[in-house]
Amino acid sequence: MKITLAGSPGSGKSTLRRMLAEHYGLSTKGTGDFMRELSRKHGYSDITQFLVEYVSEHPEVDHQVDEEQRLYGEQNDNFVLDAHLGFHFVPDSIRICLICDLEEAARRILEDTERTTEDATTISDSVDASQKRRDTMRNNFLSLYLVDIDDHSNFDLILDTSSFSSKEVFEKVITFIDSHNT
């Protein structure tokens, strides 16, 4: 089973990735983890600043990350891939998109003590950073691949996680996956 997760920052992709992997016994990969690592290597403490200032001017970074996920999708069968373009590079996957109200997403981001590559300290700053990051990624992907990450027709399931706990999101997604795989 191949599952790709996309969606807005703070929508719960990383949490869902871990829960799905454990439930179905799948391996995991997250391109956001790789991008955060790259941002630190390039001296950026904030992922949004890295995307806006560096990645937008260096498309080879996106190409490297995207080729890595394409190969991962070709060479593996049982995984959850948390990647904004996973649906595009692993077209034979169950393609799930999580969306979330910007303020709720900002609250989640600020409360996540494991996030170390985001400098926002207020809800307002976090909302602005999340919107800027999403807009930058969308523009980069449109420019590089003519792929719109906001086009819902790219996905098998779109789920607004704004008012759900991670457990509720997980239950809704596994219900969909289990009915999709019958």
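Read-outs throughout are calculated quantities, based only on the coordinates presented, and are distinct from any laboratory measurement. Model, not experiment: these values are computed from the prediction. Positions of Cβ are generated from backbone atoms using ideal geometry, with glycine treated the same way; all protein chains shown enter the neighbour counts.
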| said: Report the per residue volume, in Å³, of the convex hull enclosing the C-alpha atoms of segment 1-158. | reply: 105
| query | What is the dipole size for segment 133-182, taken about its Cα centre, with +1 at each Lys and Arg Cβ and -1 at each Asp and Glu Cβ, in debye to the nearest 20? | reply | 200
| query | Per-residue ellipticity at 222 nm for the chain, helices alone: DSSP H runs ≥ 4 residues times -39500 (n - 2.57), over residue total, nearest 500 deg cm²/dmol? | reply | -16000 deg cm²/dmol
| field | Reachable lysines from residue 132, criterion Cα separation under 26 angstrom, eight or more residues apart if same chain | value | 13, 29, 41
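Output the peptides 64-73, 138-147 sorted from most to least packed, where packing is the average of other Cβ atoms within 10 Å over each peptide's residues.
On the way: 64-73: 17.0, 138-147: 14.3.
Answer by packing, highest mean first, reads 64-73, 138-147.
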